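Novice: Encoded as structure tokens, here's the structure I'll be asking about.
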Amino acid sequence: MIAALLWMALQAPAVDVAALVKKEFYDDERMIGAKVPETFQALGAGPGAWIADVGAGPGFHTVLLAQVVGPDGRVLAVDVDEKVTEKLREKIEKRKFSNVEAILGVADDPKLPTARLDGALIVDSYHEMPQYEAMLRRIREALKPGGRLVILDQFPSKTLRRPRSSQVKNHKISPDLAEQELRAAGFEIRERQDAFIDNPDVEGTTWMIVARRP
């Protein structure tokens with residue numbers, strides 16, 4: 001009992017994600033309103049977790065995750081654009097994030113370690129993945145059993161019933177289609193919110209799906 005209490009006392013405290021977002025993006029209203037705390041909670045991000053930010057881009061979520069998982073965790077920031085990945089590496093070095101690795105993936109492989117991740121996050125990038133079957137398969141293989149994949153993307157209000165190719169031309173994709181693809185890839189769907197974030201400056205809303213590797 002004493003050993004258990006001592007172990008708990010030594011664990012890194014959970015980060016106030018809402019305060020962290022305001023600190024990092026004090027002048028970015030979209031990030032402040034992006035429901036990052038709720039997203040990270042759905043992802044299971046916390047001290048010591050291994051999380052992949054797939055389609056990391058400039059690393060908005062990467063820099064937050066690095067501070068949330070702490071020194072005992074790890075963030076694998078993946079992008080398929082070499083220039084974007086190099087800029088992300090420069091940002092990681094400048095911020096001295098020793099727990100973050102920038103990875104140059106390819107269209108059908110995010111280059112993640114097998115069965116190592118507690119969670120994976122894809123924000124506004126799923127519709128950009130033409131080889132989504134392979135990407136989902138690789139991400140599933142990278143997750144531990146019970147690991148979670150959280151996807152946020154734009155709801156195509158006017159193209160909901162159109163083919164996938166028509167939807168992604170507008171940089172959006174329906175949650176119905178994404179859910180079908182996740183189930184086909186062997187994921188369990190744990191949660192779905194079709195109106196997760198209101199986007200008053202653009203057409204439609206952002207949906208969220210929380211999937212789990214069985």
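Novice: Only bridges with both residues in the chain count here: give the DSSP antiparallel percent, nearest 5.
Specialist: Counting DSSP beta bridges with both partners in the chain, the antiparallel share is about 45 percent.
Novice: Per residue of the range 53-61, in order, report the coupling 6.51 cos²θ - 1.76 cosθ + 1.60 (Karplus, θ = phi - 60°) as ³J(HN,Hα) in whole Hz, putting x for Gly and Pro.
Specialist: So the Karplus estimates, Gly and Pro as x, are 9, 8, x, 5, x, x, x, 4, 7 Hz.
Novice: Excluding residues on the same chain fewer than 8 positions from LYS87, give the lysines whose Cα lies under 26 Å from its Cα.
Specialist: LYS22, LYS23, LYS35, LYS96, LYS111, LYS172
Novice: Within the chain, what's the longest run with no trypsin sites (Lys or Arg not before Pro) in a DSSP loop and at most 15 other beta-carbon atoms within 10 Å? Give the range, please.
Specialist: Values: sites that count: LYS96, LYS111, ARG116, LYS158, ARG161.
For trypsin sites (Lys or Arg not before Pro) (loop position, at most 15 other Cβ atoms within 10 Å), the longest site-free span of the chain is 1-95.
Novice: Report the local net charge at ALA49: Lys and Arg +1, Asp and Glu -1, summed over other residues whose C-beta lies under 14 Å from its C-beta.
Specialist: Details: positive: ARG74, ARG116, LYS144, ARG148; negative: ASP53, ASP72, ASP118.
Once positives and negatives cancel, what remains is +1.
Novice: A further question on this structure: Measuring from label point to label point, each 7 Å out along Cα→Cβ, what is the SER166 to LYS96 span in nm?
Specialist: It works out to 5.4 nm between the two label points.
Novice: Compute the angle between helix 175-184 and the longest alpha-carbon principal axis of the chain, please, reported from 0 to 90 degrees and rounded to the nearest 10.
Specialist: 70 degrees
Novice: Among TYR132, TYR26, TYR126, what's the order by accessible area (1.4 angstrom probe), most exposed first?
Specialist: Descending accessible area places them as TYR26, TYR132, TYR126.
Novice: Then there is this: Ignoring any ligand, DNA or RNA, what whole percent of the accessible area of the chain comes from carbon and sulfur when the probe is 1.4 angstrom?
Specialist: Values: 5870 of 11290 Å².
Reported share for carbon and sulfur atoms: 52 percent.
Novice: Per-residue ellipticity at 222 nm for the chain, helices alone: DSSP H runs ≥ 4 residues times -39500 (n - 2.57), over residue total, nearest 500 deg cm²/dmol?
Specialist: The helix contribution divided over the chain gives -10500 deg cm²/dmol.
Novice: Angle, helix 132-142 long axis vs. longest principal axis of the chain, Cα atoms, 0 to 90°, nearest 10?
Specialist: 20 degrees
Novice: Kindly report the accessible area of the chain per residue (heavy atoms of protein chains, probe 1.4 Å, no ligands, DNA or RNA), in Å².
Specialist: 53 Å²
The values are calculated or read from the model by the stated rules, or taken from the named source; none is laboratory data. All values derive from a computational prediction rather than experimental measurement. Every residue, glycine among them, receives a Cβ derived from its backbone with ideal geometry; neighbour counts consider all protein chains shown. Note: accessible area is taken over every heavy atom of the protein model, side chains too, but ligands, DNA and RNA are not part of it. Shrake-Rupley method; radii C 1.70, N 1.55, O 1.52, S 1.80 Å.
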